[in-house]
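Read-outs throughout are calculated quantities, based only on the coordinates presented, and are distinct from any laboratory measurement. Just so we're clear, the structure is a prediction, and the values are computed from it rather than from any experiment. FYI the Cβ positions are ideal-geometry reconstructions off the backbone, even for glycines, and counts take in every protein chain you see.
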Amino acid sequence: MKKYFKAFEVVEVQKTFYKPPTLETAKKWRKEAPNSFEFTIKAWQVITHPPSSPTYRKAKLDVKDGGFFKPIKEVFEAWQATRDFAKELKAKFVVFQTPSRFKESDDNIKNMKEFFNSIEREFTFGWEPRGWSEEGAKKVCEELDLVHIVDPFVSKPLHGEIFYFRLHGFNYKHKYTDDELKWLANYCLDLKKEGYIMFNNIYMFDDANRFRNFVKSRE
């Protein structure tokens, strides 16, 4: 973690998706980080993914029900754990990523509405859907005031006063070319608003460093 503190201004914590670490860990990270350093975090999978997900087994979770924003005890307890960790980190942004199995259905939209209308707005919330129509995703994001999280090489953001991009690299092993990073720098700057750019590929540290240099050269 310390190398990220030296190189960047923000990092996205993904461990919280599998299972939030202890609050002592959050306190330790916050203490070690510079005061100006920002953490964003990914919401616990018990909120967004069902127990049949292989990521439950990876995290050795023994949870019988959950996911898809169901208005049930397990989901709201998972949110409380996510919230507590985010507050210890003084995080401002929480990422909710849903799998392709989370379809554009009336039941799922109803669950999202009940979930987000039941929790306090202490953070900026972002949603990264998979497989939804532009019209459907935009409508939900506008109604629930969610930043529409996208990979800009794949689709465009449809809602949000800020942007939040998660770069998956076309495939996880992809290393971004200079031309791709130059395009991304121009695209972000042309949006004329603040936002986050998070790399999520195996070359993320190097690609993010190179991307910063392209942004600086354009400013």
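At a glance:
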read-out: Over 25 Å [Cα-Cα, the range 84-190], rounded percent; value: 28 percent
read-out: Rg ratio (alpha-carbon, reference 2.2 N^0.38 Å) - the chain; value: 1.01
read-out: Between 0 and 90°, nearest 10: helix 73-89 axis offset from the chain longest Cα axis; value: 30 degrees
read-out: Burial ordering of Glu134, Glu12, fewest other beta-carbon atoms within 10 Å first; value: Glu134, Glu12
read-out: Burial ranking of peptide ranges 208-214, 14-20 (average Cβ count within 10 Å, highest at the top); value: 14-20, 208-214
read-out: Computed [θ] at 222 nm, deg cm²/dmol, the chain (DSSP H ≥ 4; -39,500 (n - 2.57); rounded to nearest 500); value: -12500 deg cm²/dmol
read-out: Extended-chain gain in nm, criterion 0.36 nm per residue less alpha-carbon gap, Glu32 and Lys139; value: 34.5 nm
read-out: Entries of Lys58/Lys173; Lys3/Lys192; Lys2/Lys193; Lys60/Lys87 with Cα pairs more than 23 Å apart; value: Lys3/Lys192; Lys2/Lys193; Lys60/Lys87
read-out: Principal-axis tilt of helix 23-32 within the chain, Cα atoms, nearest 10 degrees; value: 20 degrees
